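Derivation of every value follows stated rules applied to the coordinates shown; laboratory data play no part. These figures come from a predicted structure and were not determined experimentally. Cβ atoms come from the backbone with ideal geometry, glycine included; neighbour counts cover every protein chain shown.
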Amino acid sequence: MSKIVELVNVFALLSLLAVGGGTAVLPEMEHVTVERRHWVSDRQFTEIYSLGQLAPGPNMTCVALIGYEVSGVAGLLAVLVAFFFPACLLCYFVSKVWDAAEGSPWRDAVQRGMAPIVIGLMLAGCYALGKTASYNPAKDWDFNLLTLGIGASVALILSVTRINPALTILAGGAAGFYLLG
Amino acid sequence: MNKAEPRVSLGKLFCVFGLIGLTSFGGGIVAYLRRALVEKEKWLDEDGFMAALEISQTLPGLNSTNMSVIVGRRLRGAAGALAATLGMILPGAVIVTGLGFAYVALRHDPKVAVVLTGVAAAAVGLLLQVTLKIGWKQLIRPKDLVFVVVVFVLVGIFHVSLLVTLIAVAPLAIWVHRPRTEKEAA
């Protein structure tokens with residue numbers, strides 16, 4: 001039971017800190033769930049996030065799987081509610097009064113000021129995932145060149161084509177199967 | 001908006017958002033939302049959609065669930081917000097749960113492990129590309145780049161808590177972009 005309370009506390013706070021979307025809390029989530037609480041390993045965290053890219057809908061529903069690793073189905077449901085409900089509740093009430101701020105020049109200042117912060121957080125998220133997924137010091141250089149190459153290829157393909165990103169993730173899995181096996 | 005329009009049923013709200021939640025693979029949910037809400041159902045006009053999106057992006061939380069809350073509330077109040085949000089989250093949550101069960105059962109199989117390694121390596125590339133696509137303006141403007149670097153170093157390298165980082169950096173970043181009076185700007 002105390003594990004459930006801990007899960008709810010951690011993910012409810014992350015919910016309210018998710019400025020600019022779910023991926024902005026990735027680095028903080030990785031640090032808290034992997035390094036501080038040891039709920040999942042570095043590798044599990046990265047894999048859970050990656051699985052989320054293969055499911056439809058909001059890509060952060062995958063955080064529920066961290067709850068599953070900690071406390072089974074009860075943990076899964078607790079994390080789902082804790083991660084989505086607080087931010088939704090906040091949005092419900094703030095969007096009611098938001099129109100009152102219509103035309104305030106500060107609204108624009110908040111948006112433009114927060115933009116670089118969100119980008120910094122997203123880059124930190126890339127780093128948090130990449131330090132396991134793209135460059136693994138326990139493996140040799142051939143292996144790491146392949147994982148770095150897969151990531152770079154995906155980024156490049158998505159920059160120049162309009163292919164569905166989920167397909168590139170599947171292609172990454174196929175590349176892993178044939179090249180890393 | 002909805003002048004004398006027939007009231008949207010909660011079931012309809014759940015289904016429309018549920019279909020988006022079920023079919024929007026690979027991110028980019030905003031495009032799916034626009035198609036369904038503006039073009040198909042005509043629940044919002046273009047300006048209404050952009051206004052709702054602006055709120056969704058500024059407040060914490062996922063854009064997709066915030067949009068569900070806002071649109072659901074406008075159409076059917078609290079019950080509508082709940083129906084739309086559940087519709088958005090549930091299909092993906094059920095599918096990710098299925099993937100998770102398979103993952104827990106199979107992850108130690110060496111063949112599955114190499115597939116997961118490839119999937120994870122690709123996911124980093126996807127996240128990096130999305131970050132660069134939405135952030136290139138911030139990365140080439142020196143007064144924004146400073147904040148990008150500071151936040152990356154604090155949170156990514158030194159693991160300073162996100163709450164502390166936001167309290168310390170956000171007011172400064174907003175101040176840099178503060179509204180100027182005409183005289184100052186001139």
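Specify, per residue and in Å³, the volume enclosed by the convex hull of the alpha carbon atoms belonging to segment B:1-106.
Cα-based convex hull of segment B:1-106, divided per residue, equals 102 Å³.
Lys pairs in the protein assembly as shown, Cα-Cα under 26 Å, at least 8 apart or on separate chains: how many?
Taking the protein assembly as shown as the scope, the lysine pair count is 16.
Please order A:SER153, A:SER2 by the number of other Cβ within 10 Å, starting at the fewest.
A:SER2, A:SER153
Counting only other chains, what is the mean number of Cβ atoms within 10 angstrom of the Cβ of each residue in peptide A:7-19?
Partner Cβ neighbours, averaged per residue: 3.
In degrees between 0 and 90, to the nearest 10, how far off the longest principal axis of chain A does helix A:105-133 point, with axes built from Cα atoms?
Helix A:105-133 sits roughly 30 degrees off the main axis of chain A.
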